[in-house]
Each structure stands twice: as C-alpha cells, then as structure tokens.
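Read the structure below first, then the notes.
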C-alpha cells in the first residue's frame, strides 16, 4: 500500500481505519479466547496458573459464583484485553505514526456494555486508548430521534439498544471515544454512521443523529455507504442507504456535508469544559450474571441522568484512576482534571485505583455515588428544569462556546442563564453566518427550540458579526392551500441490473397538498414540482412557510430561487424585489427518499431473480425492508402560508 499510496499519507490520506477488530469471542461451553503464549503471559502478569480455572470460566456465569471464581474471570478478561492491545492495536498505531497517519477505527457492539464481556475487544476504554482517533459505530439504529411511539424502528435491531426511539435507553456510548481523546489531548473522535439505517433515511433523522453524536464528542464522520457499483450484483452488495448520484436526495447532500463539516471544525477547537468523571465499572461487567447486570444498569441510568441534567462528564476506568495524579482538590488524568468523581457501588475495583481514589477523597475531592448526582454542577442553568436539552461547553481562547440541542420531538421554550458577560454570537452552521445577540445587564436568554434541533452560542467573542440577531413575528398571513398542480420531474427506479433515473417530465395534474402517492403510486421515488399562482396584497418583507415537507425542497418564486432546504423548518425569507404585489408564480421542487422504489415486491423479486445467492443470505436487506416503509409518505403536506413579518421586541428568540 505504501508503494502506491505513500505519497498521499498525511495529506489526502490522513488515517487508517480498523473495523470491528477482536479476538475470537467467548462462547460459553464451546470456546475461550486463547493464544499459544496465553498461559505463560497470564502467570507472569497475575502470579498464578489459569489452567485449573478454565472449565469454570468457560461455563455460563452464575449468580452463585464464588469470589475466587469472580477474581479469575476478571483476571482472565484483563489479560485478554491487555494482549489484544499490545499485539494488535499498538503495532497498528506504531505503523500508522511511522507513516504520518493517525490510527483510527471502532469495535463491534460497543453500544452494548456487555460487549466487553462477549464481543472480543475486552475493555472498550483500554482498546480505544490505543488509537489516535478513537471511534464508535452507529449503523444499527442504536440511535434514533424520538418522533412517535415505536413501530418498525425497534424490533428489527438485533442488539438490545433501540436508542432514543423508545425513550427506554438513550445511551452515551459515543462518550467512550470522546473521553479517551479528551484525556489524551487528541482532537479527532470518529463515528461510522448510517450504514444500516435503510434507503428511507430522512434528512431530519440525519441531522438529529449527527447532532446527538456531536454533543457526545464525535467530530469526524465516516458516512456509510457508497455502492460498490451502479450496476450488476455489486450495486446491492452491503447495506442501505446507498449514497451517490443515484440517491434521490443527493443534490441536497452538500447542505448536510457543509453543516457537518462546520460543526466538526467548531467542536474540535479549544478544550472541553468538563469537571466530572464517571467510573466505568469494567471489572463488574467481566464477572457476568447479576454482577454484570447491576453494573450495566447503573452505568446506563447514571450516564443518561447526568446528560438530562445538562451535566457533561468523561468516563474513567481502573487504568486511568490507578495512574492519575492529584493536584489540589482535582484528579488529573492526562490533559483533563476533575473535581468530582462518581463511583458506582463496587468491591471489585483494582487496588491501585482504589488507593488513588482514597487519596483524592482525603484531600477534599468530591466523590459521589450515582444517588448523589444532584450535587453535580450543570454546564448551564436552564429554567424551567427540563430533561430534553443537552448542553456542552468549550473554551477556545477568550471565547466560550455553547452547543445546545433539544432532543425531544416537541417545541421547547427555555431560559438559558449564560454566566459570561456581554453580548453573544449566534452561529448559524447551515449558512456560516454569525449574528450578535444584544444583552442588557447580562440578562438570561429565552429561546424557543424547534424539535430535534440545536443552536450554537458564543460568549466573549470579538469576531465581526454578519448582522444583529432579530426575532420576527407575523403581522398578516396569507394561506396558500388551493389551486396547486403537481408534475413528476424525475423518477428514480431499479431496472433489471442497475439503478436508473428517468428525467422525462410527467403530466401536470391538479393536486391537493399531502401524500403524492395517491397520485403517483406507492413506488414513486424522485422529484416532483408543485406550482401555484397567487395574488399578494403587498410586496413588503415576507416569509414563505411550507409546513411539513417529505423530505427536501427547492423554492422558486417568479423564476428566482429563494432557497433550498435539506431538512426543516421549511421557512424561506423572501429577498427584496422577488415578491410582487398582485400575481405571483410559486414553484416548489420536492424530493422523497429512495425507499419507495426499493422496498417493494417488484424490486425484491427482481433481485431474487438476478442475484439469488446474494438475496438468500442478505441479512441487511431483510433488516432495512422492515422499517423502510416508515418513510413512504412523500410530498408537500403544508400548511403553506405567506407571512408578512416585522421584527419583534420580545426577548423570546428562535432560529430565524
């Protein structure tokens, strides 16, 4: 590889990617992870022979296991994970660094804490620590925004996590990688995302899942996936969604890429404002049975409870705690220092780690149980109290950055008590523009959050703004509900052996707002044009509001493009001179997902005919077909209105 690509190392090619490496996983009553030198290495590291205990270790863990057996289980997994790091991850990192590259990647099943026990990587934090760019895997809909009660979105996922769809568990596993990077002083935190979210992956979901991970530390995204070919069997090999030119929404993807690139760059700057550490009880997880179950339950409930209280934190473990130093009343781990440490109930902590913890407690360091997290200071005081907002804070020189997201499916009004003095900057990551928010006497900020949306606020900035932030109110509203026509503009479909685009224009038909399937059929994927002529009472400043759009759109008024939106809210401020008093012509191009064209019996039978061997074993195809129908509804739903607006004096702010 170096012979052919070496000249690009450190320039175009920046990092290596190892995907789900592991040793052979533990299979109870069938096999253990092992190597030729394991017995020798175990005795060297632990001081006793493992062989007498192997029959017990390979057996299913029981609640009645003795303390001696629990110790052997812990020691066994401890040595396995050490050897995995030493013999695979560190040599890979050494090779990468020697070739001007970062070593990066992720492990399989890191979203499930029991994966440390079962999935062959042993110790997620220890393994991630051996990477220059630690990462996670978000491809199974482990994370999904709360939009409605769960239906298809949940049951298909082969792991236990149904993420934020059901509200039962909203796991913080991205923070495994970000905690390691923070402590090592590294900037890049990786996420492989979307691979098995299906052809019905919508822009709103893409934004919500991206924000979710950004808030938990990810700032480099591997977006999966591009098809291996646009024709033949390789076009359907692997998983969906298929990104690229044959994706119905591809012409809007620049908007997603620009937003994500800006946010990744922004959240790579400076240092995180984190002063709380949460102990990851890996040794209890290694024990299995009720000890593991209790540790995982505490781990997940406490992680989520902290985030719901707007408290940011890093994970620590026995390795980092054992090697930590104490400075004043702070626990120092690498580049990070913590004044508060949360310790779940356990009597299995490594003795060296326990010694450091006791020393921290003696100097006045705050050591809390999970039942005492109300004593943890939040990143930002929010009123009224809400569990829907998530907040992180970063220091970038003289600037302090707040990234705040509403992770609920409802609009939310909140007062933000930002402690820094002076005016604020509101940064619009979609446009790249900055707006000054004027504050008098450091008054708290009242903000109206859209569902599953985020904002960036910057305090202490001397950067030049693009304007003053203004909130607007509607003075007069003109509904545009009747008189619409619909014209199919481009159809994306699956032929016998390739993905096709038919850009021959269809007939213009009268159509009401709503699901276009009643006019075009269930399997239409592509682009349609909605048109209407209307009379405007004035050419004064106005905002065009489209209401619900499934899923992306471009708007032209009197032949002038006034905007494109990949996701909502679908509101467009009309440029001066475009809206005319009297007759106006409005044209809205709407694109849906590729799910309608792929997830139907015709396409399935076509693939079974031409690619029978693939379809026979196509596990991913079976998975995504289960939930792709969720995004079948397509088109412009409205309500569409023309709102005449003017700046308001209210302190209640919302995204322009």
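No value in this document is a laboratory result; all are computed from the given coordinates. If you're wondering where the values come from, they're calculated on a predicted model, not measured in any experiment. Quick reminder, even Gly has a Cβ in these numbers, built from the backbone with ideal geometry, and neighbours come from all protein chains shown.
Quick look at the values:
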item: Mean Cβ neighbour count within 10 Å, used as a protection proxy, ranking 452-459, 64-71, 276-283 highest first; result: 276-283, 452-459, 64-71
item: Residue 362 versus residue 269: modelled label distance in nm, points set 7 Å from Cα along the beta carbon direction; result: 4.4
item: Zone residues, the range 553-574, relative to residue 261, backbone N less than 17 Å from point 7 Å out along Cα-to-Cβ; result: 566
item: Hydrodynamic radius (Kirkwood) for the range 571-613, which is based on Cα pairs only, to one decimal in Å; result: 14.9
item: Percent RCO, i.e. relative contact order, over the range 522-651, from Cα pairs under 8 Å lying at least 6 residues apart; result: 38
item: Sorted by Cβ density within 10 Å, fewest first, the residues 428, 502, 111; result: 502, 428, 111
item: Full-stretch length increase - residue 304, residue 608 - with 0.36 nm per residue and alpha-carbon distance subtracted; result: 105.1 nm
item: Relative packing of 206-215, 622-631, which averages over residues the other C-beta atoms within 10 Å, highest first; result: 206-215, 622-631
item: Rg/Rh (Cα only; Kirkwood hydrodynamic radius) as it applies to the range 1-156; result: 1.07
item: Contact order normalised by residue count of the chain, Cα under 8 Å, 6+ apart, percent; result: 12
item: Residue order, fewest to most beta carbons within 10 Å, for 433, 308; result: 433, 308
item: Theoretical FRET efficiency, 1/(1+(r/R0)^6), r = Cβ-Cβ of residue 473 and residue 503, R0 30 Å, to 0.05; result: 0.10
item: Inverse mean reciprocal Cα-Cα distance (Kirkwood Rh) of the range 381-469, Å; result: 13.5
item: Nearest-ten-degree value, helix 253-266 long axis tilted from longest Cα axis of the chain; result: 50
item: Contact order relative to length of the range 276-375, as percent, for alpha carbon pairs under 8 angstrom and 6 or more apart; result: 33
item: Inter-probe distance in nm under a simple model that places probes 7 Å from Cα toward Cβ, at residue 560 and residue 463; result: 2.9
item: For 304, 265, 407, order by how many other beta-carbon atoms lie within 10 Å, fewest first; result: 265, 304, 407
item: Peptide ranges 94-101, 256-263 listed from the most packed, as the mean C-beta count within 10 angstrom indicates; result: 256-263, 94-101
item: Translational diffusion coefficient (Stokes-Einstein; Kirkwood radius from C-alpha pairs) of the range 276-375 at 10 °C, 1.306 mPa s, in µm²/s; result: 116
item: Computed E for residue 323/residue 54 - FRET, C-beta separation, R0 41 angstrom, nearest 0.05; result: 0.85
item: Estimated D of the chain in µm² per second, where Rh is the Kirkwood radius over Cα pairs and Stokes-Einstein applies at 20 °C, 1.002 mPa s; result: 79
item: Kirkwood hydrodynamic radius over Cα pairs of the range 11-98, then Stokes diffusion coefficient at 20 °C and 1.002 mPa s, in µm²/s; result: 143
item: Per-bin percent of Cα-Cα distances, the range 485-547 [5 Å]; result: 4, 14, 21, 20, 13, 12, 8, 5, 2, 1, 1
item: Label zone at residue 5 (point 7 Å along Cα-to-Cβ), backbone N below 14 Å, the range 257-272; result: none
item: Column: log10 I(q)/I(0), Debye, Cα scatterers of the range 542-656, q = 0.21, 0.22 Å⁻¹; result: -1.13, -1.19
item: Descending semi-axes in whole angstrom, ellipsoid equivalent of the range 424-469, from the Cα gyration tensor; result: 17, 16, 8
item: Residues residue 44 and residue 646, FRET efficiency given R0 of 60 Å [Cβ-Cβ distance, rounded to 0.05]; result: 0.20
item: The range 425-510 - Rg over Rh from alpha carbon coordinates, Kirkwood radius; result: 1.23
item: 18 Å reach of a label modelled at residue 417, 7 Å along Cα-to-Cβ, counting backbone N of the range 292-318; result: 308-312
